[in-house]
Every structure is written in structure tokens, then in C-alpha cells.
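The values are calculated or read from the model by the stated rules, or taken from the named source; none is laboratory data. A quick note: this is a predicted structure, and the numbers were derived from the prediction, not measured. Remember, those area values only see protein heavy atoms, side chains included, never the ligands or the DNA or RNA. Shrake-Rupley method; radii C 1.70, N 1.55, O 1.52, S 1.80 Å.
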Amino acid sequence: MTKGDIAIRPALIGLLLLATGPLTLAEEPAAAPPTPSVSRDLGLHAYPAKNQVAAQQQKDELECYQWAAQDSGFNPLAAVGEQPPAATPRPAEPNAPSATEGGAKGAVAGAAAGTLVGALIGHTGKGAAVGAATGLLGGVAIAKHKQKEAETGAERNQAGQQARQQAAAAETQQKLEGFKKAYCACMEAKSYVLK
């Protein structure tokens, strides 16, 4: 290869470019936005087996949607509005005393009872002190028991609410599957293939 050959190559490339015009990348036309589709909204793919046009497919999908809602007794659009918002669980016993409150109440009641017993045996002060101590321990134990019952009740309420929500969701899913079967049957009768 000589120096002349190297200089000729760029010149030939330049001539070829001038002869063919500037290089441009071909732009693909923008894809049309997808047309609304009931089938697509239901998670189905509908193929027009007899080459039905898009307008006819939309009409057929709407007719089949209405028929499936009537036949299955379930309308997915109406069901969306029926779902109640999740309620916050409420405690089973909102006024469950704390251990401190229960202990204080128990001490007062025990002191009163101890004073009466002490008066009968001639030792009012000792009876009150023993009664207060006993009442304090008993009051704390009762308060803790009530508090535990309130917590357990709240947990049961929450678990029950979750179970009801899961059952409602399962029922809705079952109804939706029945609706889809009816919708597919109608669309297939109108010569569409659904998957």
C-alpha cells in the first residue's frame, strides 16, 4: 500500500457520501396509543379471529361486558365501589385500669377493710396496714388481668376483621372469575380468541 492509496480512500468515501446524500436514521412513525379495551382491563388478550376492525371489537367487548354482568350477577366496576375501607381495630375494653390505678384502688379498699377487721380485734392501725398491703397486691393483680383481657380482646377483634376481609376478597375474586368466564363465552361466540 502506498501513500497515494491511503489518500485516495478518504476521497472515495467522500464522493460516495455526496452521491448518496447525507446519512439519516429512518424514523419510525409514532405508535398510536392503544385503544381502550375491556378485555385488556380484565387481564385478557382478545384476538379478532375474523379480522374484525377495532371499532367492531370495542362494540363487541362492551356488549359482552354487559351480558356477562347480567349473566354472572357480578359487575366488576360496581364492585370496586362496594369495598368498605379498612376499619381500625378498637380495643375490647377501652377503660382497662393500669396496674398502678388498680393497685391504688386495691390499697384504699384493703385499708378500709383492714381498719374494720383491726377495729374488731383491737388493732385498727395494724389492720389498716395489712389490709392496704393485701389490697395493693390484689388490686395490681386484678388490673393486670383486666389489661391482659383487653389486649387479648383487641387482638381477637383484629384477627376477626382480617379474616372477614380475606373472606370478602376471596368471594370477590370468585365472582370475578365467574364474570370472566361469561365474558369469554360471549366473546368467543363473536369469533374472538381469548387468552
- Item | Table column - 3J(HN,Hα) (Hz), the range 39-56, Karplus curve with 6.51, -1.76, 1.60, x for Gly and Pro | 4, 4, 5, 8, x, 10, 10, 10, 10, x, 5, 10, 6, 5, 6, 4, 5, 5
- Message: Ordering Phe74, Phe179 by accessible area with a probe of 1.4 Å, largest first, what comes out?
- Response: Phe74, Phe179
- Item | ³J(HN,Hα) computed for each position of the range 65-77 - Karplus, 6.51 cos²θ - 1.76 cosθ + 1.60, integer Hz, glycine/proline x | 4, 5, 5, 5, 5, 5, 5, 8, x, 9, 10, x, 5
